[in-house]
Amino acid sequence: MPLVIAMDGPSGSGKSSASKGVARALGLRYLDTGAMYRAVTWWMLRNGVPVEDAAAVAARAQDPVLESGTDPDGPTITVDGADVSGPIRTREVTNAVSAVSAVPAVRARLVELQREIIGAGGIVVEGRDIGTVVAPDAPVKVYLTASDEVRARRRAKDLAADPGASVTVTLDEQARRDRLDSTRRASPLAVAAGAHEIDSTELTLDEVIEAVVRLAKEQE
Ligand code: DC
């Protein structure tokens, strides 16, 4: 069974840093599926598609051409050939991405792309529905959490250059995104059957990485 490590959890749980660290430690590829939903959202905004209009979003779901680079030391994402790794992290995209990622046509398109990239395995994949939908047979499934407060602090730190990103504002925006991501009809954020739950509130990044690496080694 080729190694696929599914890393799911809410925003700010430390998934990205942990997933990249695990990929490096085990010599695996790394895929950030959140970046793919963000890239589609960026493209919709850029092309004047009203993101709250699910039918309008669905009608254009096949149009953006996405490419994801899977080197954990330098993951890349391009849309129609343009590097969007910076623009997909703006608050504008962050606040629109839950609406776009709730559209089934968008999910169907991206899940197909994600399965192509996963291919024969050897990869750490982070997202919200990796263990439940994209790769339910992954030999290692992790659900990473942390307290709301710690998650908001981590995100506010990521957004330090943005003066609007106080911990309070981030907490509110985070609660809204959590609610949308876990109550949507299409593949809501949920703990997959057989997933190991890791609460990173009191753990260092290295401790989280070690815990996941241990799970992967137990599978060998
Ligand atoms: O992990 P992130 O914050 O970059 O993800 C951005 C958004 O994309 C998140 O609010 C929900 C959505 N998403 C999703 O629906 N399914 C995934 N597998 C990954 C992300």
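Could you give the length gained by full extension between D73 and L205, i.e. 0.36 nm per residue of separation minus their alpha carbon distance, to one decimal place? Show your work: numbers first, answer last.
Details: separation 132, 0.36 × 132 = 47.52 nm, distance 1.62 nm.
So the extension gain works out to 45.9 nm.
Could you look at the chain and say what percent of its accessible area is carbon and sulfur, using a 1.4 Å probe and all protein chains? Display every interim value, and only then the final one.
On the way: 5220 of 10170 Å².
Result for the chain: 51 percent of the exposed heavy-atom area is carbon or sulfur.
Give the span of the stretch 108-220's Cα atoms along each principal axis, as three whole-Å numbers ordered largest to smallest.
Rounded to whole Å, the extents work out to 44, 34, 25 Å.
If DNA, RNA and ligands are ignored and the probe is 1.4 Å, what is the ranking of E149, E116, E220 by accessible area, most exposed first?
Result, largest first: E220, E116, E149.
With viscosity set to 1.002 mPa s at 20 °C, what whole-number translational diffusion coefficient in µm²/s follows for the stretch 49-127 from Stokes-Einstein and a Kirkwood radius over Cα pairs?
Numbers: Rh = 13.9 Å.
Estimated diffusion coefficient is 155 µm²/s.
Give the aspartates and glutamates whose C-alpha is closer than 13 Å to that of K141, dropping any in the same chain fewer than 8 places away, or say none.
Straight-distance partners of K141: D8, E126, D129, E197, E218.
Among all helices in the chain defined by DSSP H, which have a length of 18 Å or more along the axis from Cα atoms plus a Kyte-Doolittle mean of at least -0.5? Intermediate values should be presented prior to the final figure.
Values: long enough: 33-46 (20 Å, 0.11); 104-118 (21 Å, 0.20); 167-183 (23 Å, -0.95); 205-219 (22 Å, 0.16).
Span-like helices, by this rule, are 33-46, 104-118, 205-219.
If the elastic network links every pair of Cα atoms under 10 Å, which of Q174, Q114, Q62 fluctuates the most in the Gaussian network model of the chain?
Comparing Q174, Q114, Q62 in the GNM, the peak value goes to Q62.
Compute the relative contact order of the chain as a whole-number percentage, counting only Cα pairs closer than 8 Å that sit 6 or more residues apart in sequence.
Numbers: 362 pairs, mean separation 73.4, N = 220.
Reported relative contact order: 33 percent.
Under 17 Å from the Cα of K157, which aspartates and glutamates turn up, not counting those fewer than eight places away in the same chain?
Cross-link targets: D148, E149, D172, E173.
Evaluate E = 1/(1 + (r/R0)^6) for K217 and I117, where r is the Cβ-Cβ distance and R0 equals 30 Å; express this FRET efficiency to the nearest 0.05. Walk me through the numbers on the way to the answer.
On the way: r = 24 Å, r/R0 = 0.80.
Computed FRET efficiency for K217 and I117: 0.80.
Give me the 1.4 Å probe accessible area per residue for the chain, excluding ligands and nucleic acids, in Å².
Working: 10170 Å² over 220 residues.
Per residue, the chain has 46 Å² of solvent-accessible surface.
Which value, in Å² and to the nearest 10, is the accessible area of R155 when all protein chains are kept and the probe is 1.4 Å?
Approximately 40 Å² for this residue.
Stretched out fully, how many nm does the piece from T168 to R153 gain, at 0.36 nm a residue minus the Cα gap? Before the final figure, lay out each step's value.
On the way: separation 15, 0.36 × 15 = 5.40 nm, distance 0.91 nm.
Stretched out fully, the T168 to R153 stretch lengthens by 4.5 nm.
Can you give me the P(r) profile for the chain? Cα pairs, bins 5 angstrom wide beginning at 0, each as a whole percent.
Calculated over all Cα pairs of the chain, the distribution is 1, 7, 15, 20, 21, 18, 12, 4, 1, 0 percent.
The values are calculated or read from the model by the stated rules, or taken from the named source; none is laboratory data. Predicted model, so just to flag it, every value in this text is computed and none were measured. Glycine also receives a Cβ, built like all others from the backbone with ideal geometry; neighbour counts cover every protein chain displayed. Note: areas computed on protein heavy atoms with side chains; ligands, DNA, RNA excluded. Shrake-Rupley method; radii C 1.70, N 1.55, O 1.52, S 1.80 Å.
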